[in-house]
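K.L.:
Here you go, one structure.
Here, each number is a calculation from the coordinates, and none is a lab measurement. Computed from a predicted structure; not experimentally measured. We place every Cβ from the backbone using ideal geometry, glycine too, and count neighbours over all the protein chains shown.
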Amino acid sequence: MKKKFLVAATFAAVLAMQACNSNKTDGSGTDSITTDTTITQTTTATDTTGMNPAATDANAFMEKAAVGGMMEVEAGKLAQSKSSNAQVKDFAAMMVADHSKANDELKAIAEKKSVTLPAALPAMEQAHLDEMKKMSGADFDKHYIGMMVTDHAKTVDLFKAGGKNSDSDISAFANKTLPTIEGHYKKATEIQSSLK
């Protein structure tokens with residue numbers, strides 16, 4: 001029971017970090033950070049309205065996309081080694097291939113603009129991967145695919161907003177990559193339904 005709580009708490013913390021927090025004034029003149037995240041084992045609803053302003057800033061978009069892409073690759077590698085479900089393994093292989101390609105394209109854009117992207121996952125994302133390493137079987141598969149549904153829903157919103165970025169390189173990258181991410185989201189939801 002403690003292990004499941006720890007995994008759920010870690011997952012919630014990762015989602016809270018990844019969900020774009022928005023600074024809002026509470027009427028007293030002080031800023032408070034708000035995140036509207038509801039977590040269940042199979043679905044997560046997240047207020048992604050805070051994601052759009054960050055995506056309009058080219059550097060913020062690149063950083064969020066880079067961290068998300070690295071997480072998808074690392075989680076995909078983990079799923080390829082831990083899952084015994086053929087659908088999950090195939091999906092994970094697609095994540096590694098597609099997100100590695102997108103990450104390389106994003107790195108080239110960042111280098112062109114003299115922007116340094118994160119070279120490693122932030123601590124919260126790494127902690128989430130470390131917790132996933134302790135999972136196995138159907139629990140791992142459900143958690144991984146649930147994470148993919150949640151992450152790709154947020155990433156679709158990020159890339160839609162990125163497609164409207166005033167930086168032509170960023171908007172072209174976002175618009176080119178968006179259909180792939182939407183396909184990942186659709187496939188992840190299909191797999192999630194089959195794992196119930």
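K.L.:
Please give the net charge around residue 113, taking every other residue with its beta carbon less than 9 angstrom from that of residue 113, where Lys and Arg add +1 and Asp and Glu add -1.
P.N.:
Here the count lands on -2.
K.L.:
Using only Cα atoms, what Kirkwood radius does region 91-182 have, in angstroms?
P.N.:
Result for region 91-182 stands at 14.8 Å.
K.L.:
Taking neighbour counts of Cβ atoms within 10 Å as a proxy for exposure, in what order, fewest first, do 130, 157 appear?
P.N.:
Starting with the residue having the fewest Cβ neighbours, the order is 130, 157.
K.L.:
Using 0.36 nm per residue, how much length does the chain from residue 182 to residue 120 gain when fully extended, once their Cα-Cα distance is taken away?
P.N.:
Numbers: separation 62, 0.36 × 62 = 22.32 nm, distance 2.51 nm.
Result: 19.8 nm gained on full extension.
K.L.:
In addition: What length, rounded to one decimal in nm, is gained on full extension from residue 112 through to residue 93, with 0.36 nm per residue of separation minus their alpha-carbon distance?
P.N.:
3.9 nm
K.L.:
Can you give the three extents of the C-alpha atoms in region 133-196 along their principal axes, from longest to shortest, in whole Å?
P.N.:
44, 23, 13
K.L.:
Report the Rg/Rh value for region 62-128, based on alpha-carbon coordinates and the Kirkwood definition of Rh.
P.N.:
A ratio of 1.04.
K.L.:
With the crude spin-label approximation of a point 7 Å out along Cα→Cβ, what separation in nm comes out for residue 81 versus residue 193?
P.N.:
So the two model labels end up 3.3 nm from each other.
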